[in-house]
Amino acid sequence: MIYSFLLAAAATMPLAACSDDNTTEEKKDWSTTTLFASTDLKAQDLYYKPYSGYVGDPMPFFDPVAKDFKILYLQDYRPNPVGTYHPIWAVSTTDAASYTSLGELIHCGGINDQDAAIGTGSTIYNEADQTYYTFYTGNKYSPSSADDAQVVMYATSKDFKTWTKSETFYLRGKDYGYSSTDFRDPFVFKGDDGVFHMLVSTRQGSKGTIAEFTSSDLKSWTSAGVFMTMMWDRFYECPDVFKMGDWWYLVYSEQHSAIRRVQYFKGRTLDELKACTANDAGRWPDAHEGFLDSRGFYAGKTASDGTNRYIWGWCPTRSGNDNTKVGASPSEPEWAGNLVAHKLVQHEDGTLTLGEVAAIAGKFGEPSAPAIVDKSESGVSGDASNLTLSGDSYALFPRLGYHNRITFTVTTAGNTDNFGVSLVRGSDATKYYSMVVNAENDQNRKVNFEQQGSDGIGFIAGIDSYVFQRPADNKYNVTIVTDNSVCTMYINDQCCYTNRIYGTQRNCWSINSYGGGIIVSNIKVTSY
């Protein structure tokens with residue numbers, strides 16, 4: 001459904017399915033530009049959220065039998081049962097854009113069992129015995145000093161429907177000189193040597209370490225020592241190792257509250273990959289320390305169908321649905337949220353960035369150019385085909401739907417001119433939320449998140465993006481996709497920015513200039 005049709009239909013048709021407050025939705029005049037107190041739908045399908053609860057720690061896996069992706073995840077109920085929480089649920093997809101729920105696969109143990117609560121793991125299919133194996137973290141409830149707080153466990157299935165836990169397999173860190181408190185997030189892959197390898201996030205003393213184990217049958221495992229040390233006081237959660245083209249990669253989530261992002265290392269060989277952190281070397285893969293996204297995307301892990309490699313992570317909810325409560329250091333974001341997928345983009349030098357999933361773009365209909373419904377008193381000329389903004393100015397566009405795709409190109413007049421996009425904006429708004437593409441210096445840009453307007457607090461710490469290089473021609477091709485309150489933005493296949501912005505749907509949005517001059521061309525919007 002194209003954007004213009006949505007707006008026309010919205011003025012005449014009841015929208016009872018789109019809000020908990022149906023009466024308010026039905027009476028609203030959608031041709032106005034004033035703020036509307038919109039709320040998220042209970043279930044979301046573009047950036048998946050089950051009707052009940054939220055998605056935590058995705059464990060994606062390409063199923064060689066069914067020829068589709070299975071994304072296992074930790075189901076977060078809110079409130080969770082005391083002590084026994086985060087059973088493994090799953091969805092399936094062929095394109096990282098549309099999902100089918102598979103329900104609960106692996107249940108939590110009892111309150112006294114080793115896996116009272118379940119933690120992250122990974123799934124692999126063993127062709128030798130035609131069996132699926134899911135390795136996961138078993139978390140003991142209220143462990144004593146003699147207990148293992150965390151161990152690696154597994155469950156098996158022949159059909160990916162009925163799963164049976166092993167009653168005898170417990171891989172314990174203390175048996176190999178590692179921590180019994182942090183011994184988790186097992187990731188299993190088959191190496192070029194034909195052997196199964198398992199990586200486990202743990203510690204040796206106070207030093208973060210990724211331990212390695214090997215196996216020929218996925219049942220008996222032998223220690224292979226330290227795969228990689230973690231630099232300084234860092235701790236790498238949810239490790240994921242894969243080969244893409246000529247390069248080996250480790251994708252991980254940095255637990256440190258000052259970072260709290262998905263990052264990566266790269267190497268031509270596994271040994272070169274491991275050396276990136278040896279003796280705290282800090283051999284970063286790119287000019288921004290391997291950051292792949294903002295703090296609005298966490299626990300990212302990848303899977304490939306042999307053609308495309310996607311990464312799935314969760315976008316956290318915000319306390320009290322407050323867009324400013326982002327969990328800036330030393331706090332933590334709320335745990336779990338929506339399942340967000342990006343496509344991995346590999347560049348000629350082996351560096352990685354994240355881009356839009358093609359099938360997500362394909363879910364939207366033919367785009368149209370929106371009309372300008374309001375604008376600043378000065379500094380605005382043109383329309384959606386060729387808009388010029390100068391000084392501190394903005395152009396306001398019509399209300400968005402629940403799922404939106406916005407594309408446009410910005411050309412800045414100078415190397416340090418800033419521009420931005422505001423959501424949850426209305427003609428009467430005293431505060432609204434802006435993604436500002438900010439000039440860090442003459443050569444580098446970064447996306448900042450700000451609460452702007454007369455009552456706004458300005459810059460919101462902890463949810464800005466990473467530094468990326470200014471395009472030589474000062475031309476920025478921008479794509480923004482939103483599903484309810486989840487928002488992703490892509491710029492030139494160089495920057496990916498994920499955030500949660502409550503109130504996006506059913507409200508207006510704007511493109512802004514901040515003191516300089518910009519030309520905005522080919523503005524297109526599609527909603528459904």
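The values are calculated or read from the model by the stated rules, or taken from the named source; none is laboratory data. These figures come from a predicted structure and were not determined experimentally. Note that we place each Cβ from the backbone using ideal geometry, even for glycine, and neighbour counts take in every protein chain shown. When the accessible area is computed, the model is the full protein with side chains, heavy atoms only, and any ligands, DNA or RNA have been set aside. Shrake-Rupley method; radii C 1.70, N 1.55, O 1.52, S 1.80 Å.
Checked against the criterion of being touching a residue at least 40 places away in the same chain (Cβ under 8 Å) and not β-branched (Val, Ile, Thr), the candidates Ala371, Ala413 yield just one match: Ala413. So for segment 227-235 (the condition being surrounded by 23 or more Cβ atoms within 10 Å (Cβ to Cβ) and in contact (Cβ under 8 Å) with a residue 12 or more places away in the chain), does at least one residue qualify? Yes.
Scanning segment 65-104 for residues that are within 17 Å of the chain's Cα centre (by Cα) and acidic (Asp, Glu), we see that the one that is surrounded by the most Cβ atoms within 10 Å (Cβ to Cβ) is Asp76.
Candidates are the residues of segment 270-285 that are assigned to a loop (DSSP other than H, G, I, E, B) and at pLDDT 95 or above; the one that is most open to solvent (accessible area, probe 1.4 Å) is Arg283. All conditions in (1) closer than 24 Å to Gln452 by Cβ; (2) touching a strand residue (DSSP E or B) at 6+ places or on another chain (Cβ under 8 Å); (3) among the hydrophobic types (A, V, I, L, M, F, W, C) hold for Ala429, with the sole exception of (2). When segment 164-173 is filtered for residues that are within 30 Å of Thr269 (Cα to Cα) and open to solvent by 20 Å² or more (accessible area, probe 1.4 Å), only Arg172 remains. Of all residues in segment 145-163, those satisfying the criterion of being open to solvent by 60 Å² or more (accessible area, probe 1.4 Å) and either more than 30 Å from the chain's Cα centre (by Cα) or under 23 Å from Asp240 (Cβ atoms) (or both) are Ser145, Ala146, Lys158. Of all residues in segment 472-490 being more than 16 Å from the chain's Cα centre (by Cα) and buried (at least 21 other Cβ atoms within 10 Å of the Cβ), which is nearest to Val340 (Cα to Cα)? Going through the qualifying residues, I end up with Val478.
Against the test of being over 22 Å from Val467 (Cβ atoms) and among the small types (Gly, Ala, Ser), the options Gly282, Gly362, Gly290 yield a single qualifying residue, Gly362.
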